[in-house]
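In what follows, a structure is listed as structure tokens, so that the remarks can point back to it.
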Amino acid sequence: MNIGFFDSGLGGLLVLKAVAKALPQYDYIYYGDTANLPYGDKSEEQIYELTKKAIGELFARDCLLVIVACNTASAESIRKLQDTYLKEEFPDRKILGVIVPTVEEMIDTGCKRAVLIATKRTVDSGKYGRELEKLDDSIELVEVATPELVPLIELGEDEVAQSAALKVLERETREGDVVILGCTHYILLKDVLQKHFASSVTIISQDEVIPKKLSQYLTKHTEIAEKLSNTGKREIVLTKHRPDYDRLTAEFLGGVYMPE
Ligand code: DGL
């Protein structure tokens, strides 16, 4: 069986790329809901329905495990999907999000203060704060919605997005803080931010967190790892294709498959 990855767009490919590098033996299917991007300003109900549909598509493609790489979908929908949809219809499958592992990684740094940048929907959900409180109530978390960044990155305006992110973080961070890039698109900003802040802040990016956490998960859950196939397959399914996606998808997996 396969490992599925879901994101609202192509940003999650950066997470999958890092995962496939760390665990190259497994078979991966990526589902990007490009027809409905962005999720960041959609309602909770819309995000729930879209996430359920995407996960259903990945289960239908024989995915045993689906990683919801999208923070916005992780924030709003996963718990509900695990408690109802999964239990009732797919009790032998798993859905994993990215928020809890990211919060754990933040706690492991030993920081006292963290600044999260994410979509409006992720920030409004309060999910990062709730998960942090369960594990460690001594860390101050500052959550900043940066709704301007996804549209800029989507338009290929990376430099404008980088300056906008720098402006926000220069205002919000203090020496010794952790910065969480709480959106798959923001992984593209990581290098510039890291260079700018150097060692004064620690940047947590999910392309570094998720490979490590998934590897630990599969080592712990041998009953799942044993069922995963090992042919090194990589597939991308997008709900809407745009010619400029070809370069990104080809760079990684060499092909896009439209859903039927
Ligand atoms: N991929 C989404 C996330 O990680 C952000 C993009 C969107 O708004 O759809 O939160």
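The values are calculated or read from the model by the stated rules, or taken from the named source; none is laboratory data. These figures come from a predicted structure and were not determined experimentally. All Cβ positions, glycine included, derive from the backbone under ideal geometry; neighbour counts span all protein chains shown. SASA here: full protein model, heavy atoms, side chains in, ligands and nucleic acids out. Shrake-Rupley method; radii C 1.70, N 1.55, O 1.52, S 1.80 Å.
Using just the Cα positions, wrap the chain in a convex hull and report its mean projected area in square nanometres, one decimal place.
Dividing the Cα hull surface by four gives the mean projection, 13.0 nm².
Residues with beta-carbon under 13 Å from that of residue 22, excluding residue 22: net charge, scoring Lys, Arg +1 and Asp, Glu -1?
It works out to a net charge of +2.
Mind listing the phi-derived Karplus ³J(HN,Hα) values for the stretch 213-224, rounded to whole Hz, using 6.51, -1.76 and 1.60 with θ = phi - 60°, and x for any glycine or proline?
5, 5, 4, 5, 4, 6, 5, 6, 9, 5, 5, 8
Let me check I've understood the local charge: for residue 177, count other residues with C-beta under 11 angstrom from its C-beta, Lys and Arg +1, Asp and Glu -1. What total comes out?
0
Go ahead and estimate [θ] at 222 nm for the chain from helices alone: -39,500 (n - 2.57) per DSSP H run with n ≥ 4, summed, over the residue count, rounded to 500.
So the calculated ellipticity at 222 nm is -13500 deg cm²/dmol.
Hey, if we sort 247, 113, 234 by accessible area with the 1.4 Å probe, largest down, what's the order?
I get 247, 234, 113, largest accessible area first.
Restricting the count to DSSP beta bridges whose residues both fall in the stretch 75-215, what percent are antiparallel, rounded to a multiple of 5?
0 percent
Summing Lys, Arg as +1 and Asp, Glu as -1, what charge do residues with Cβ under 13 Å from the Cβ of residue 219 carry, residue 219 excluded?
It works out to a net charge of +1.
Using the per-residue mean of other Cβ atoms lying within 10 Å as a proxy for protection, in what order, highest first, do the peptides 12-19, 213-220 fall?
Per-residue mean Cβ counts within 10 Å order the peptides as 12-19, 213-220.
With a/c under 1.5 counting as rounded, go ahead and sort the stretch 25-105 into rounded, prolate or oblate using the C-alpha gyration tensor (a ≥ b ≥ c being the square roots of the eigenvalues; past the cut-off, prolate if a/b is larger than b/c, else oblate).
Here the stretch 25-105 falls in the rounded category.
Starting from 0 in steps of 5 Å, tell me what percent of the Cα-Cα pairs of the stretch 149-260 lands in each bin.
Histogram of Cα-Cα distances, whole percents per bin: 2, 9, 14, 16, 16, 14, 12, 10, 5, 1, 0.
Round to a whole angstrom and tell me the spacing of the C-alpha centers of the stretch 156-227 and the stretch 20-72.
Distance between centres, Cα-based: 19 Å.
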